[in-house]
Structures are given as C-alpha cells and as structure tokens.
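Contents: one structure, followed by commentary.
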Amino acid sequence: MSSPARDAQEKTKHEYSGASSERRSLLFRLLLPATGGSAVALLDISENGTPVVLQSAGSLPAALHKMDAGNIILDAERRRDGKTVFSCPFFKDWSLIGLPIANQAYDNGPRQFLIALRLEGNSFSSVAESAMQGVANQLSSEALEHAGRSSLPDREESLLVLNQFIERTGKLSRRAVFSLIHLNLDHLSLINERYGWDTADLILAEMIRRLKCVLPEGAFLSSIGGGHFMVLTPPGTTAVTTRSLVNAILQISSTPVSLEIGAVAFSISAGWSVYPQDAEDANQLILAARAALTEANRTGGGHERRANAELTNTYAITSNLEQDLLKAVEDGALFLKWMPIVDTESQKIVGHEALLRWTRPGHGEVAPNLFIRYAEEAGIIEALDSWSLRNACLAALRWPTPLRVCVNVSPVWLVNERLALLVDTVLKETGLPPGRLQIELSECRPFGPSDIAFRELSRVRALGVRLAIDDFGAGYSSLERLRIYPLDQIKLDRGFVQYLGEDMRADEVMYAILSLARSLNITCCAKGVETEHQMALLDANGCEEVQGYLLGAPIRDSHVPHPAMT
C-alpha cells in the first residue's frame, strides 16, 4: 500500500559528498584579507530566515546566527537590482557585502550566500567584490559537480509530506496521531573546525544510516540543512511510542564513528511534537518541535524534549526579540528602575542601582534576564548598555544629594576593550564626577581572557570610577577574579542572603566571604535583604552595604529616588 512517507522516501537515496575541507578552508582564509573584512562566511538560509554557517574565517558576530540576520540578507539580495554584489547595514556597528551561490538543490531561488562583514570604522578593500566573485564561482562549480548525486528529501518536500500526513490522518474515521521529530547533530560547526568537512560529511552519512535502521516502517526522514533532520512517525504513533523512538534515536550515537583518523564521538539532540495535541497545522507543528529542540540544546548535547505550550509560546515571543530590542533603543521604550543601596551602620542611602527595564509593545514588561540574555546572544547588548549608562548618569545629576550611581554592563565590553572609552565618553558628555559612578559586571558571565579583562578594567579604574563584581558566588572563578582584578566591591548574590539564620552552612559561607573581602580591602554589598534578622546578621559581621525589599523596592524613573531615606 502506498503512503506519503514511503512514496517520498523511495524517490531518493542519500549520499553525502563534499568538497575538500582543506581547499575550502584555504579559500576562506585567503578571502579574509582580500576583502578587508572582519569575517567571511558561507551561509545556508532556511525558508524562515534562519542562517546556518557552512564555512567561515575570522570572528563572526553572534547576531549572524539569528533568524533576523537571514531575513536582512535575503532582503538585501532581493534589492540588488541586477548587481552582482549586494550590501547592507547589519545590526549595530556591522555592515556586510554578499552574493548568492548558484546551487541546483534549490528550485525556488538562492539559499546559499557568500558574505563578508566589517565593523564600523573599517572599510572593504577595492578588490573585495572581485575576490568574492572568484570564490563564489569555485563554490558554484563544486555544487554543479555534485548536483547529479541524490540526497534526502529537502525542506520543501518535507512540508509537502507533512501536509499530506495531516490531510490523510484527518480523514480517518478514528483520527490517528503522529509525531514530528526535529533532530540535529550536536556541535556540527565544532566538528567542521576540528576535523574538516569531509569528516563531518562521513559522520552525517553514518548518522543517517543508523537512523534508517531504527525508524519504523512508514516513517519519513528528510534533511532540512545544517545537520538538522526531520522525522515523521507513521500515523497511529502515540506520544509514548514516540518517546521510545526518540530515545532509540539518541542511542545511535552511543558508538563512535570509526574513520581513518580514528573513532569520532558524536551526539544528537531532539525536539518533538505530536499532532494534533501540540498543534493542528503544519507550521505550528514545526514551530513546536523547533521550540522543544531549542530547549534541549540549552542543556547541551544528547538530550530530548517534547513540545508544550509554554516552550512554544516562549520561542515564538523570543524569535523576533532582537529586532524589537533595537527598535526599543531608537523609540525610547527602555526605562530605568532604581534600587536603593543602604549603609548598614548609618542606615542611610549611599547610592542607587540602575535597573534596565523594557515594556515590549503587545507583550508588556519583559523579564530583564530574558531580554538581556538575548541581547548578548544577538550582539546588541552594547546598544542597551550605552543607553543605560548614559541615562543613569544623566538622572544622577538631577539628584539633590550626590549619591553613587551603580550601572550594570555586560563583560563583552572587556573582550572588545571598549569599556573604558564608553565610560570616559559618557562622563564627559554628562559631566558626572567619576567618583560617583560604579560599574558592575555580573559574575555569571564570562570575562574573556584574564589579561585583556585586567587591562581594560585597569583603564576604567584609572578614570576614577569604582568597579564591582555583581552576583558574587552565583557564577564561577570568583576567587580568581578577586585575585586578578582591581575591584572596589563585591555584591553578594541573594542566594546566600535568603538562607541566613536558617542554614548553618549558608551562615559560614557568608562569614568567610566577608572576612576575605575585609582582608583584600574590598567592601561588600548584600543583595536580596528581606528581613530584619538578615539585616542584623550582615551588620554584625561587617557587611558595609545592603539592598533588598526590606529597604525599598525598585521604583520607576524619578528625580529623587527614595527621598525619605536619602
């Protein structure tokens, strides 16, 4: 009996083949200086606009991996008006030039693009276009060499078969269920860099061979690009049976792939959704599975997650978050709330921490840990930090008492060695005395190479600005950072404070931290103080400053934050 899965699957048999990884790597390394750009990359852009980096040289911006990045490139390509090369601005401080790569695997137009990116202040070389055209011609020739070789069904055919599954199961007298499983080979870019494309192709080919061995009769398997695959289970496959199948799929990576270079380990992650429980149309079913896969990838390789409404809604909300954040900076949709900082001995306010907040149109106020994390991943955190620092300093100038103003910035500024320049510029623009400003960097974020971070923090301190480590104890390498960096204060994470007086181990850890800080001549500020008992313990053991709801909740922009305690 014919089935949509079998009909589609029998049309093609998979065979992976690719160009020499060493030759491509050399091409891209030569292309980097030839263009004068900061990075060059070959991208495969999916139908929804998500780019997958197939080959690159140089340091790529994090924003390149987002859905909006692919849409920016596709829009620029459509507007090139017959020109060979297109160009466009690309997120904050970046611009790019690019051109499509001819590939017969795509019937509806180009999906692979060769691009070069540069940071603001640099320029592309005069031979950039001709150099890129030469590499593009070679890549196109490679594609033509392999055009006759077969492959798994692609995205377009996957969507067609998925709709056929939905249509046919919907017509059954007793509506059958089936599942969509979205798989990806974990860390494909790392495998490419470490072993080369040829090895990655062999691993993918072996992964597909093993997949076919565990899939049931009537299942549909397709490749949707960049090491991602789709599996449709036969109608009648319940959620329980699907989970067993997913676990069997993950187990195929338990044995490394034996190659000439030796045994190479790999892992697979999976996100899956069930029709019609998780979604009743093809696009939503795909979205739900993708959201589940995204959550599985957050915990590292080799995991699986089933879709649910919360995961899908969060994924849908954050899919366009970066573009809305950029617009928020331009439209003034960001605002500050102020948390008072109190001296434990005098019980007087000595400063205010500026807390960045955002009300997103149609969604309300967004959790700061959510939008700040996505801003860092998208490479636009510097725009938010600049806005926050500038506006916090301007607000502090209007206070009747010259209190300290504390502003959080992302440690990504340290890696780029641009924090001192930003702070110096803002201080000169606003006229705020340097001694009133405290820059805080979260312990939960990596600081990059310690020598670069030390150099940049020393420049900031030389301006007369105070430095603090925020969320101390919640991250990693805390003691090493205390040894290396020129800090004025550590801000103790609320996780320690909430158990004071209730957990003996929490008390001992707190006492040890306060003692260590005193010996290093570093002050302490405890966050999350909510009870008089916590306050008393901190005061008795020498914690100089505290903040928390006991002392005042964050309030919206005001000329005089918390005037009663100032």
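None of the figures in this text is laboratory data; all of them are computed from the coordinates on show. Everything numeric in this text was worked out from a predicted model, so none of it was measured. Cβ placement follows ideal geometry from the backbone for every residue including glycine, while neighbour counts extend to all protein chains displayed.
At a glance:
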quantity: Tail fraction, Cα-Cα pairs, the stretch 444-490, threshold 18 Å, whole percent; calculated: 22 percent
quantity: Antiparallel DSSP beta bridges within the stretch 321-565, as percent of all bridges there, nearest 5; calculated: 40 percent
quantity: Whole-angstrom Cα spans of the stretch 168-217 along principal axes, big to small; calculated: 53, 19, 13
quantity: Charged-residue dipole, Cβ positions (Lys, Arg, Asp, Glu), the chain about Cα centre, Debye nearest 20; calculated: 460 debye
quantity: Two-decimal log10 I(q)/I(0) for the stretch 419-554, as the Debye equation yields it once each C-alpha is a single scatterer, q = 0.13, 0.17, 0.18, 0.20 Å⁻¹; calculated: -0.59, -0.94, -1.02, -1.18
quantity: Stokes-Einstein D in µm²/s, Kirkwood radius over Cα pairs - the stretch 290-346 at 25 °C with 0.890 mPa s viscosity; calculated: 166 µm²/s
quantity: Exposure proxy ranking, count of Cβ atoms within 10 Å, fewest first, for ASP198, ASP539; calculated: ASP539, ASP198
quantity: Spatial extent of the stretch 321-565: Rg and Dmax, with the Cα atoms as the point set, Å; calculated: 17.5, 51
quantity: Expected 222 nm ellipticity per residue - DSSP helices of 4 or more, -39500 (n - 2.57), all of the chain, to 500; calculated: -13000 deg cm²/dmol
quantity: Residue-count net charge about ALA63 - beta-carbon cut-off 12 Å; Lys, Arg +1, Asp, Glu -1; calculated: -4
quantity: Percentage of interatomic Cα-Cα distances in the chain larger than 43 Å; calculated: 32 percent
quantity: Calculated FRET efficiency for the pair GLU330/ASP75, C-beta based, R₀ 25 Å, to 0.05; calculated: 0.85
quantity: Binned Cα-Cα distances of the stretch 233-314, short to long, each 10 Å bin given as a whole percent; calculated: 18, 43, 26, 10, 3
quantity: Peptide ranges 247-254, 519-526 listed from the most packed, as the mean C-beta count within 10 angstrom indicates; calculated: 519-526, 247-254
quantity: Exposure proxy ranking, count of Cβ atoms within 10 Å, fewest first, for TRP358, TRP338; calculated: TRP358, TRP338
